[in-house]
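The values are calculated or read from the model by the stated rules, or taken from the named source; none is laboratory data. The shown structure was predicted, so the numbers you read here are calculated from the model rather than taken from an experiment. No Cβ is skipped: glycine too gets one built from the backbone with ideal geometry, and neighbour counts run over all protein chains shown. Remember, those area values only see protein heavy atoms, side chains included, never the ligands or the DNA or RNA. Shrake-Rupley method; radii C 1.70, N 1.55, O 1.52, S 1.80 Å.
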Amino acid sequence: MAEPTAPAAGRTGTRTRTVRQPSLLRWPLRIAVVVYLALLVVWPVGIVASKTFERGLSPVLEALGQPEVIFAFELTLANAVWAVVINTVFGVGISLLLVRYEFPRRRALSALVDLPLSVSPVVVGLALLLVYSGRTGWFGPTLERLGVQVIYAQPGMIMATAFVSLPLVIREVVPVLHEIGTDQEQAATSLGASAWQTFGRITLPAIRWALVYGVVLSLARSLGEYGAVKVVSGGVALRTQTATLLVEERYSQFGADNTTAAYAAAFVLALLAVVALVVVSVLRPSDHDR
Amino acid sequence: MSIRLAGVNKSFGDFAALTDIDLDLPSGQLTALLGPSGGGKSTLLRIIAGLEVGDTGTVEIEGVDATRLPARKRNVGFVFQHYAAFRHMSVADNVGFGLKIRKRPKAEVKARTAEMLDLVHLSPFAERLPAQLSGGQRQRMALARALAIEPTVLLLDEPFGALDAKVRKELRDWLRRLHDEVHVTTVFVTHDQEEALEVADRIVVINDGRVEQEGTPDELYDAPASEFVMGFLGPVTALQGHLVRPHDLEVESHAFPGAVEGRVARLARVGFEVRVELAVPGEPAPVLVTLTRAEAAHKQLAEGVAAWVRPVPGAGRVAVGASSAASAGPDPSTGSGVPLVAPGA
């Protein structure tokens, strides 16, 4: 892995070099961007961090040690991992379908894949509720009779999370599939490889960095999902309350301990997002080396 | 007969890429499919390989009906114009790919890979990635990869098309020598008539999805079946209703039997040859004659002098307008219909 990364870093370096603006314009532009980002992102997130540790480290550790908080993070992680696994498998499948096959309404399908990005997560949650709700949904009562509870249980939360993060893997993989073309796959076929062998030995290695990048992005998105999950989960502590729901619930309650718990959980979520960003930025150069 | 195609048709939507192709390509020979871009020759090659399926017709490889055989079971070596190197694998892994897929013992894969790399002179580069090779080296690697599986037939789709002129010429010579060593039935697609004439044992000229003519390079050059073939294989000029090669014309500054009179309109020296344009009464366009410099000097030809011209005995000729049905022929939009077709343009 190390070998292909080295030349790629150099290549990206030269590619991102842009035309230099006259310095008269450069400084005001730079200051404007920094101020904008500071007001919008750095300051609020910084306040979360400072509020978290307002009373020192021990209340934070205590808050994070509460069974409800531990449970919420475990549930969040489980949901996110399931959603990412599902989206990786189907994301690669849909990407291959969109790029490698011609069929009627292909463009419509391609547009449909982007729907989760544009539609509000609350609407997603509501839609799932209408279909799978145990009492009123049109499919839910049947499933409930078979012993499967979707709404107000983990399956519904995983579905909501998967729905929302579906496009992230696909939008990373599709351009790479376009770029590598079909030559390598056809060469493998002519050398005797079956469809699965071609996929495993040629296609998958070629898209691997885009796939990892997409997976990290969907993981970050899934960990932070709030709206869709709120609608379908019910948000009962120790049963269906994820980390984001816990932050919201604790923050609206009275008492310094509750506030600290809310801040601590929020801080952990923000930290996870930063870690994801770092991972992505480390992967980015190798993403261009295919 | 090694590769036999019968009644092959293929269309993409409204576009007929191939029309009624019947072809026998002999065993052990190096055959060129020659024709202009978009003429259907690559599609034909891909149908032989199984990468494309004909709408109708049958494909037979070494006596086995391969029409319904998937590409991976045809045991065909295929070389792509843009190398199709497996970018994440070392050169050695690229070459050994087909053998690993066939689950051959490790020692055999290793030995065969080394043998192939030696054959294409890439042994020192075995552990490199394809990105670290030049275009010519990559194409040799692709060739070694295709040959490693001991294919029944080797198919090359414009194999040198993406290379620069010098490397292309080197690889062309090298392919010829390789074929003399390995003797695998080989078919390659090219739009470069010089490449085909130089390398191939047999040439199949394909235009507009039809076979215009097939034969040895000499047969095609000396006895072209149509205006199209004649024009595609080399320079031509028109004299007395026939197309002739400019070097097959005899010119003198005095009258001689069978010659028609004209006047030297232009005389240009291009490298080792002299090109003479004669204005001949009754000919709609100047007649082009090529001579060596010594001949031109000896015959005392100069612009404005009278000259007599006739085809040398036994010169290859095609009557203007006697093209086969499918032939596009020279561009009719020039009005006078005199084709001065540039070779391989």
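When A:ALA162 is tested against (1) buried (at least 22 other Cβ atoms within 10 Å of the Cβ); (2) within 14 Å of chain B (Cβ to nearest Cβ), only condition (2) is not met.
On the stretch given as region B:118-153, residues that are more than 10 Å from chain A (Cβ to nearest Cβ) and aliphatic (A, V, I, L, M) total 10.
What is the residue count in region B:62-76 for residues that are more than 9 Å from chain A (Cβ to nearest Cβ), outside any strand (DSSP E or B) and not aliphatic (A, V, I, L, M)? Residues in region B:62-76 being more than 9 Å from chain A (Cβ to nearest Cβ), outside any strand (DSSP E or B) and not aliphatic (A, V, I, L, M): 4 in total. Selection within region B:161-190: residues that are outside any helix (DSSP H, G or I) and at pLDDT 90 or above. The member of this set that is surrounded by the fewest Cβ atoms within 10 Å (Cβ to Cβ) is B:VAL184.
Checked against (1) farther than 29 Å from B:ASP218 by Cα; (2) out of contact with any Ser or Thr (no Cβ under 9 Å at 6 or more places or on another chain); (3) free of Cβ contacts under 8 Å to residues at least 24 places away in the same chain, B:ARG72 passes all but condition (2). The condition of being in contact (Cβ under 8 Å) with a residue 12 or more places away in the chain, within 21 Å of A:ILE170 (Cα to Cα), part of a helix (DSSP H, G or I) and in contact with a Ser or Thr (Cβ under 8 Å, 6 or more places away or on another chain) holds for only one of A:LEU211, A:LEU245, A:LEU277, A:LEU269, that being A:LEU211. Among the residues of region B:239-250, those that are more than 20 Å from B:ASP192 (Cβ to Cβ) and buried (at least 22 other Cβ atoms within 10 Å of the Cβ) comprise B:LEU239, B:LEU243, B:VAL244, B:LEU249.
Okay, residues lined up against (1) of a type outside the set (A, V, I, L, M, F, W, C); (2) without any contact (Cβ under 8 Å) to a residue 60 or more places away in the chain; (3) within 21 Å of B:GLY28 (Cβ to Cβ):
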position	(1), (2), (3)
B:LYS110	yes, yes, no
B:GLN132	yes, yes, no
B:LEU143	no, no, yes
B:LEU147	no, no, yes
B:ALA165	no, yes, no
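Filtered by the rule that a residue be surrounded by fewer than 18 Cβ atoms within 10 Å (Cβ to Cβ), of a type outside the set (A, V, I, L, M, F, W, C) and either over 13 Å from B:LEU5 (Cβ atoms) or under 25 Å from the mean Cα position of the chain (by Cα) (or both), region B:58-76 gives B:THR58, B:GLU60, B:GLU62, B:GLY63, B:ARG68, B:PRO70, B:LYS73.
Within region B:217-228, restricting attention to residues that are in a helix (DSSP H, G or I) and over 20 Å from B:ALA17 (Cβ atoms), which residue is least open to solvent (accessible area, probe 1.4 Å)? My answer is B:LEU220.
Within region B:194-216, being open to solvent by less than 20 Å² (accessible area, probe 1.4 Å) and free of Cβ contacts under 8 Å to residues at least 60 places away in the same chain holds for one residue alone: B:GLY215. A:THR182 passes every criterion in (1) of a type in the set (Ser, Thr, Tyr); (2) closer than 24 Å to A:ALA83 by Cα; (3) open to solvent by 40 Å² or more (accessible area, probe 1.4 Å) apart from (2).
What about B:VAL79, is it hydrophobic (A, V, I, L, M, F, W, C), open to solvent by less than 10 Å² (accessible area, probe 1.4 Å), at negative phi and facing chain A (nearest Cβ under 10 Å)? Against the criterion (hydrophobic (A, V, I, L, M, F, W, C), open to solvent by less than 10 Å² (accessible area, probe 1.4 Å), at negative phi and facing chain A (nearest Cβ under 10 Å)), B:VAL79 qualifies.
Considering B:LEU23, B:LEU44, B:LEU18, which residue is more than 14 Å from chain A (Cβ to nearest Cβ), open to solvent by less than 10 Å² (accessible area, probe 1.4 Å) and assigned to a helix (DSSP H, G or I)?
When all the criteria are applied, what remains is B:LEU44.
Yes or no: region B:94-111 includes at least one residue that is open to solvent by 20 Å² or more (accessible area, probe 1.4 Å), among the aliphatic types (A, V, I, L, M) and in contact with a helix residue (DSSP H, G or I) (Cβ under 7 Å, 6 or more places away or on another chain). So far as region B:94-111 goes, no, none of its residues is open to solvent by 20 Å² or more (accessible area, probe 1.4 Å), among the aliphatic types (A, V, I, L, M) and in contact with a helix residue (DSSP H, G or I) (Cβ under 7 Å, 6 or more places away or on another chain). The conditions of being over 18 Å from the mean Cα position of the chain (by Cα) and of a type outside the set (Lys, Arg) are not met by A:GLU172.
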